[in-house]
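Asker: Okay, here's the structure, questions in a sec.
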Amino acid sequence: MAQVPADFAEEFAAKGETFFAIAELLYANPDRQYTQGELADRFDCSRTTISNHTSAMSEWLERREDQTTFAWDPAAHNPAATEGVTAVRQFYSDLWKLLKKHSNTAPGTFAIMGAVMFLAGVVLFGFYVGFSLSITADSGIPLAVYLVISFGSFVTGVIVTFLSPFQAWINGLLWPRLPENPFGKNE
């Protein structure tokens, strides 16, 4: 588990093991909200103990209004800004959530594929520039091949990306309205 920042540890040096265990959990998972009940169950203590501990470290936490949920406050100390592993883990976690969300629809899938092709074109163009300026070792593949593939990937990425709104428009024509859920809420 990640260690809390040194200034936090110094400020609360007199606190016990449970206090620091709670702080380390919140610090290691700044993108997750924990309820008092979850924390009490996890650390096998009462909600009053959790309330006392979280009140003491309130300057370091985010708390939602009228709720008893807590998360580490990145404004107080952002672990992603100082810990490389946390930054990389959070980036890829956020990227995975974004890709999962957008891959559930045809327009979103087109947007993802277009972005991948666009990035591939940019990377291959970087190889072309590196090889043509002799910045890197010589390539066994002719330079024109890198240029053609990068241009083709870039143009394909732009075209596929523009298919996303077109697909959304077609979906709107074919299914102008979602069917009503008999239970009252659309899910």
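The values are calculated or read from the model by the stated rules, or taken from the named source; none is laboratory data. Because the structure is a prediction, the values reported are computed rather than measured. No Cβ is skipped: glycine too gets one built from the backbone with ideal geometry, and neighbour counts run over all protein chains shown. Each accessible area value is taken on the protein alone, full model and side chains, heavy atoms only, with ligands, DNA and RNA left out. Shrake-Rupley method; radii C 1.70, N 1.55, O 1.52, S 1.80 Å.
Per-residue answers, yes or no, for (1) part of a helix (DSSP H, G or I); (2) aromatic (F, W, Y); (3) touching a residue at least 24 places away in the same chain (Cβ under 8 Å):
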residue: Q90; (1), (2), (3): yes, no, yes
residue: K97; (1), (2), (3): yes, no, no
residue: K101; (1), (2), (3): yes, no, no
residue: F118; (1), (2), (3): yes, yes, yes
residue: S139; (1), (2), (3): no, no, no
residue: L147; (1), (2), (3): yes, no, no
residue: G152; (1), (2), (3): yes, no, yes
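Asker: Could you tell me which numbered condition L98 fails, if it satisfies all but one of (1) open to solvent by 40 Å² or more (accessible area, probe 1.4 Å); (2) more than 18 Å from the chain's Cα centre (by Cα); (3) closer than 30 Å to F154 by Cα; (4) at pLDDT 85 or above?
Answerer: (2)
Asker: Does segment 6-22 hold any residues that are buried (at least 18 other Cβ atoms within 10 Å of the Cβ) and at pLDDT below 85, and which are they?
Answerer: Once the filter is applied, which keeps residues that are buried (at least 18 other Cβ atoms within 10 Å of the Cβ) and at pLDDT below 85, segment 6-22 yields only F8.
Asker: Continuing with the same structure: Give just the number: which of (1) in contact with a helix residue (DSSP H, G or I) (Cβ under 6 Å, 6 or more places away or on another chain); (2) at pLDDT 85 or above does L25 not satisfy?
Answerer: Only one criterion is unmet by L25, namely (1).
Asker: Could you pull out the residue among F118, F91 that is out of contact with any Asp or Glu (no Cβ under 9 Å at 6 or more places or on another chain), open to solvent by 50 Å² or more (accessible area, probe 1.4 Å), at pLDDT 70 or above and more than 29 Å from F8 (Cβ to Cβ)?
Answerer: On inspection, the qualifying residue turns out to be F118.
Asker: Hey, another quick one. If you take the residues of segment 121-150 that are surrounded by 17 or more Cβ atoms within 10 Å (Cβ to Cβ) and among the hydroxyl-bearing types (S, T, Y), which of them is nearest to V160 (Cα to Cα)?
Answerer: Ranking the qualifying residues of segment 121-150, first place goes to S150.
Asker: Ok, one more. Taking segment 8-31, which residues are over 14 Å from A71 (Cβ atoms) and touching a residue at least 60 places away in the same chain (Cβ under 8 Å)?
Answerer: Residue satisfying the conditions is F8 alone.
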